[in-house]
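Below you'll find the structure, written out as structure tokens, and then a few comments.
The values are calculated or read from the model by the stated rules, or taken from the named source; none is laboratory data. This one's a predicted model, so the numbers in the text were calculated from it and none came from an experiment. Heads up, the Cβs are rebuilt from the backbone with ideal geometry, glycines too, and the neighbour counts pull from every protein chain shown. We work out accessible area using only protein heavy atoms, side chains counted, and drop any ligands, DNA or RNA first. Shrake-Rupley method; radii C 1.70, N 1.55, O 1.52, S 1.80 Å.
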Amino acid sequence: MEIAYSYKEIIVLKDNGAIILKLIYLWAFAEVGFGGFMHLLHIPLTGYIVGGFSVIINVLLAKYSNNNAAVFFKALGIVLAVKFLLSPYTPVGAYIAVCFQGLLAAFLFSVFGLNKFMVLLFSITVMIESAIQKPLFAMIIFGEYLWNSIIKLLVDTFSISKERINYTGVIVFIIYMMLYIIWGIILAKWANSLREHIENLSVDRNKIENLKRQAIAGQKQNNIRARFSFTKLAWVLIIVFLLLIPGVAVGFTLFYFIRILGLLIFLLVIVPALIKKHQSFLFDKNKEAVIAVSNALPLIKSNAMVAWRLSEQFNGLKKLKYFVTYTIWLNVFYE
């Protein structure tokens, strides 16, 4: 992958500048492009894949930048600018997650250094944020009213005691959180392994070039097909469903309706407008990098498709591990 970078970026990045920029561009690709690969992985939880990929990329950024905080801030600015440009309708929570990941990496690795414990702490914290973000947003918007209404519906429908529902809810939430924490531990192990061995990976060049040609041919065919996004429809249906639950269970109140409407307008209208307003600032500040990322995306996507083919010999988590490993190696270290 040919990377163009400005004089200012070379000053900031110093050693390993090309590798660092490729990692930043790969992080940007994960944020704007990995959604297309989710159906291949059959895992619907975005935080598991995109958030997990961010963990590994930030660990590698720490390694090759020698824990330079300026690099993390530069990376965050580029990734956000690309995300604003290529995914303008991304939910607010996704921008919060990216900011959280970049700022946390800058703090932990620049202050405490890169070691196995810091990688573990970073990975688990990122996964916890990913786990609690959506439930927290739901609580902020709909409050306890929603949960109380769900309990009432379950009590009236299945004749289950309120205490048992609360107990079951707590158990389910603990299990839910533990799944993310365990995934964070697995990611930390992968990240530590990758930062030690990623450069020494070796794959037959002829096989890679053949797979690249197949991937490019398949990509051209896919670009011809028309696609329809159901994102907006899904959001509408979810909001309507969440609004109807309290209405069916305990009836609407004017305060409840005004509160929900105000919060939805703030999160879905005002915040995106503010993001769009600052989009030009981020774009102008990282103009060369954003253009370079946009130009590099087709090649990164092609390499990711090759990585998927190379990992097909494995199953389960091992397949996912090698897919991520090959994706990083092909886009950053393979020449």
- Message: Being part of a helix (DSSP H, G or I) and either surrounded by fewer than 13 Cβ atoms within 10 Å (Cβ to Cβ) or among the basic types (K, R) (or both) is the filter here; which residues of the stretch 194-217 pass it?
- Response: R195, E196, H197, E199, N200, R205, N206, K207, E209, K212, R213, A217
- Taking A307 as the residue in question, decide whether it is open to solvent by less than 60 Å² (accessible area, probe 1.4 Å), aliphatic (A, V, I, L, M) and either modelled with pLDDT of 75 or more or out of contact with any helix residue (DSSP H, G or I) (no Cβ under 6 Å at 6 or more places or on another chain) (or both). yes
- Task: Looking only at the stretch 156-164, decide whether some residue is within 28 Å of the chain's Cα centre (by Cα) and at pLDDT 75 or above.
- Result: no
- Task: Being at pLDDT 85 or above and open to solvent by 10 Å² or more (accessible area, probe 1.4 Å) is the filter here, so list the residues in the stretch 12-30 that pass it.
- Result: I19, K22
- Task: Determine whether the stretch 288-297 contains at least one residue that is at pLDDT below 65 and open to solvent by 90 Å² or more (accessible area, probe 1.4 Å).
- Result: no
- Test for K83: is it outside any loop (DSSP other than H, G, I, E, B), among the charged types (D, E, K, R), at pLDDT 65 or above and open to solvent by less than 10 Å² (accessible area, probe 1.4 Å): yes
- Message: Restricting to the stretch 51-73, give me the number of residues that are under 16 Å from M118 (Cβ atoms), open to solvent by less than 10 Å² (accessible area, probe 1.4 Å) and among the small types (G, A, S).
- Response: 2
